[in-house]
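Below is one structure, written out as structure tokens, with a few remarks after it.
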């Protein structure tokens with residue numbers, strides 16, 4: 001079930017990222033695929049993180065038209081690191097999660113930029129301010145995703161109980 005949930009979330013993230021890239025061109029300051037990879041790697045551990053990151057990164061490479069394997073390697077490395085951090089440290093509060101998302105996003109962007117600099121003669125120049133902005137936005141989105149996923153079941157349960165209480169009062 002976890003694998004299916006992960007695959008569906010990655011598919012949605014890839015589709016939304018493709019729509020964002022099409023709508024905003026090269027100005028998008030958020031990487032939903034990286035956020036999704038870090039999110040699931042934190043809960044799954046380093047071994048599953050490697051699989052999640054590799055699959056997501058390779059899919060991102062194929063869809064982006066870039067050099068196949070660059071995002072695959074970078075996402076694999078980030079997912080392994082996030083999974084290792086998630087299994088070794090308590091990452092249950094907002095600040096540690098934010099730090100993991102920001103550091104993971106910065107590591108992913110740095111790996112992609114470095115690999116493109118090694119592979120292509122022109123490199124892949126991105127301003128450090130843009131990498132920092134993307135890492136911060138990814139951190140905010142990642143923390144929000146955790147909060148929504150953690151709070152949604154409780155909110156649904158409260159709503160269900162309120163409805164049952166109201167129905168009981170009306171019929172009684």
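A few notes on this one:
- Failed criterion for residue 116 (all others in (1) without any contact (Cβ under 8 Å) to a residue 24 or more places away in the chain; (2) over 22 Å from residue 9 (Cβ atoms); (3) surrounded by 15 or more Cβ atoms within 10 Å (Cβ to Cβ) hold): (1)
- When segment 52-88 is filtered for residues that are out of contact with any helix residue (DSSP H, G or I) (no Cβ under 8 Å at 6 or more places or on another chain) and in a helix (DSSP H, G or I), the ones remaining, listed by number, are 62, 88.
- Looking across 122, 136, one residue alone is over 23 Å from residue 18 (Cα atoms) and surrounded by fewer than 18 Cβ atoms within 10 Å (Cβ to Cβ). It is 122.
- Among residues that are under 22 Å from residue 132 (Cα atoms), touching a residue at least 24 places away in the same chain (Cβ under 8 Å) and not in a helix (DSSP H, G or I), residue 38 is not included.
- When the test is whether a residue is in contact with a helix residue (DSSP H, G or I) (Cβ under 6 Å, 6 or more places away or on another chain), part of a helix (DSSP H, G or I) and either surrounded by 13 or more Cβ atoms within 10 Å (Cβ to Cβ) or at pLDDT 85 or above (or both), residue 129 does not pass it.
- Lone unmet requirement of (1) surrounded by fewer than 16 Cβ atoms within 10 Å (Cβ to Cβ); (2) at pLDDT below 95 for residue 99: (2)
- Test for residue 140: is it in contact (Cβ under 8 Å) with a residue 24 or more places away in the chain, within 20 Å of residue 36 (Cα to Cα) and in a helix (DSSP H, G or I): yes
- The residues listed here are 64, 87; of these, the one that is within 21 Å of residue 134 (Cβ to Cβ), more than 15 Å from the chain's Cα centre (by Cα) and in contact (Cβ under 8 Å) with a residue 12 or more places away in the chain is 64.
- Residue tally, condition free of Cβ contacts under 8 Å to residues at least 60 places away in the same chain and either in a helix (DSSP H, G or I) or buried (at least 21 other Cβ atoms within 10 Å of the Cβ) (or both), over segment 18-35: 11
The values are calculated or read from the model by the stated rules, or taken from the named source; none is laboratory data. Because the structure is a prediction, the values reported are computed rather than measured. Methodologically, a virtual Cβ is constructed for each residue, glycine included, from the backbone with ideal geometry; neighbour enumeration extends over all protein chains shown.
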